[in-house]
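Asks: Got a structure for you, questions after.
The values are calculated or read from the model by the stated rules, or taken from the named source; none is laboratory data. For clarity, every value in this text was computed on a predicted model and none was experimentally measured. Neighbour counts run over all protein chains shown; Cβ positions are idealised from the backbone, glycine included. These accessible areas exclude ligands, DNA and RNA; they are computed on the full protein's heavy atoms, side chains included. Shrake-Rupley method; radii C 1.70, N 1.55, O 1.52, S 1.80 Å.
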Amino acid sequence: MAATLLLGGCNWGVLDPQGPIGQDELSLIVQSTQLMLIIVAPVIVLVGVFAWKYRASNTRAKYMPDWERSTAVAAVMVLAPVVIVSVLAVMTWQTSHRLDPFKPIESAAKPVAIDVVALDWKWLFIYPQERVATVNEIAFPTDVPVNFRITSASVMNSFFIPQLGSQIYAMGGMQTKLSLMASRAGSYPGFSANYSGAGFSDMKFQAIASHQPSYERWIAKVKAAPQALNDGVYVALAKPSEKHPVEYFSSVAPDLFDQILHDTKRAPATAAMLGDVCVANKE
């Protein structure tokens with residue numbers, strides 16, 4: 001029990017939600033755990049009770065060597081799990097549709113669109129409405145839905161901001177979507193939740209949620225950056241790198257995300273890696 005005090009400095013992630021999607025997911029975790037404890041908790045307690053009651057030194061315990069069946073016990077052992085699994089199945093069905101990552105979050109505010117590209121080993125974020133881009137940092141206003149389009153220019157990764165909600169895979173040549181929203185201002189850590197090579201452990205970013213004026217100042221700062229994300233810069237950026245610093249790009253080609261998605265601007269490093277795999281397979 002004393003050792004649990006050491007958990008006070010932990011980042012609780014999904015257990016400390018800061019948005020409606022994360023809050024709904026936490027509720028689902030708590031409800032599922034409570035339902036399962038209906039079976040698990042009595043079993044854990046009864047293991048100790050039986051071991052103590054029927055110990056060798058307890059001569060008062062009733063000895064029944066011919067006992068082999070109890071309809072009441074059998075009914076509880078069968079019906080209780082069936083009921084719990086049935087309730088869990090209904091909860092899963094309902095929340096799977098309610099928390100569909102493709103489903104936009106209902107709000108009177110205009111959503112912010114962000115295109116996400118997983119690279120080796122960093123995250124490229126493109127703001128199609130603002131025509132700017134960043135690496136390993138995003139920002140958006142609080143209480144405003146954020147609509148992500150997600151792909152990969154390399155191997156499969158997983159886009160995850162634990163305090164805001166769902167993680168979803170980023171795969172080359174495929175596009176997926178995710179809608180999130182932050183209810184409170186703050187800087188929330190994001191990372192790849194899928195192993196993708198040597199630099200995977202440092203493939204992290206910050207998601208900054210702030211009030212509208214602060215968000216607009218952040219956009220202005222990005223637009224004032226000296227560098228534009230042109231073809232040459234992207235080719236260099238797409239090469240594998242570890243612990244990549246935050247970068248801002250004042251402009252970006254409007255169709256860059258679609259070009260990456262359709263493989264017309266994929267990283268040359270990825271092609272080289274696939275070539276090595278083919279050579280190894282031939283050998």
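Asks: Just the number please: accessible area per residue for the chain, 1.4 Å probe, all protein chains included, in Å².
Replies: Per-residue value: 58 Å².
Asks: How much of the accessible area of the chain, probe 1.4 Å, is carbon plus sulfur, in whole percent?
Replies: In the chain, the share of accessible area belonging to carbon and sulfur is 63 percent.
Asks: Determine the equivalent ellipsoid of the chain by diagonalising the alpha-carbon gyration tensor, then write out the semi-axes as square roots of 5 times the eigenvalues, largest first, rounded to whole Å.
Replies: 49, 24, 18
Asks: Peptides 62-70, 37-45: what's the order by average Cβ count within 10 Å, highest mean first?
Replies: Highest to lowest by the protection proxy: 37-45, 62-70.
Asks: How much length, in nm to one decimal, is gained on full extension between D255 and K243, taken as 0.36 nm per residue of separation minus their Cα-Cα distance?
Replies: Answer, rounded to one decimal: 1.6 nm.
Asks: Please list, in order along region 43-52, the HN-Hα scalar couplings obtained from phi with the Karplus expression 6.51 cos²θ - 1.76 cosθ + 1.60 (θ = phi - 60°), rounded to whole Hz, x for Gly and Pro.
Replies: Rounded to whole hertz, the list is 4, 4, 5, 5, 4, x, 4, 5, 4, 6.
Asks: I've got another one for you. Quick check: net charge around E25, other residues with Cβ under 15 Å of its Cβ, Lys/Arg +1 and Asp/Glu -1?
Replies: Taking every other residue near E25 into account, the sum is -1.
Asks: Oh, and also: Could you tell me which of the pairs K110/K204; K110/K221; K221/K243 are separated by over 24 angstrom between their Cα atoms in the structure shown?
Replies: Listed pairs above 24 Å: K110/K204.
Asks: Oh, and also: With +1 on each Lys and Arg Cβ and -1 on each Asp and Glu Cβ, how big is the dipole of the chain about its Cα centre, in debye rounded to the nearest 20?
Replies: Its charge dipole is roughly 740 debye.
Asks: I need the shape label for region 32-190. Rule: rounded when a/c is under 1.5, else prolate if a/b > b/c, else oblate, with a, b, c from the alpha carbon gyration tensor.
Replies: prolate
Asks: Checking the cross-link filter: which lysines have an alpha carbon closer than 19 Å to that of K103, excluding same-chain neighbours under 8 positions apart?
Replies: K177
Asks: How do the peptides 71-78, 161-168, 191-198 rank, highest first, by the average count of neighbouring beta carbon atoms within 10 Å per residue?
Replies: 161-168, 191-198, 71-78
Asks: Could I ask something else about it? For the chain, what does -39500 (n - 2.57) per DSSP helix run (n ≥ 4), summed and divided by total residues, give at 222 nm, in deg cm²/dmol to the nearest 500?
Replies: Mean residue ellipticity at 222 nm (helix-derived): -12000 deg cm²/dmol.
Asks: Roughly how many debye, to the nearest 20, is the charge dipole of region 28-112 about its Cα centre, given +1 on each Lys and Arg Cβ, -1 on each Asp and Glu Cβ, and no other charges?
Replies: It comes to approximately 260 debye.
Asks: What size of dipole, in debye to the nearest 20, comes out for region 1-145 about its Cα centre when the only charges are +1 on Lys and Arg C-beta atoms and -1 on Asp and Glu C-beta atoms?
Replies: 860
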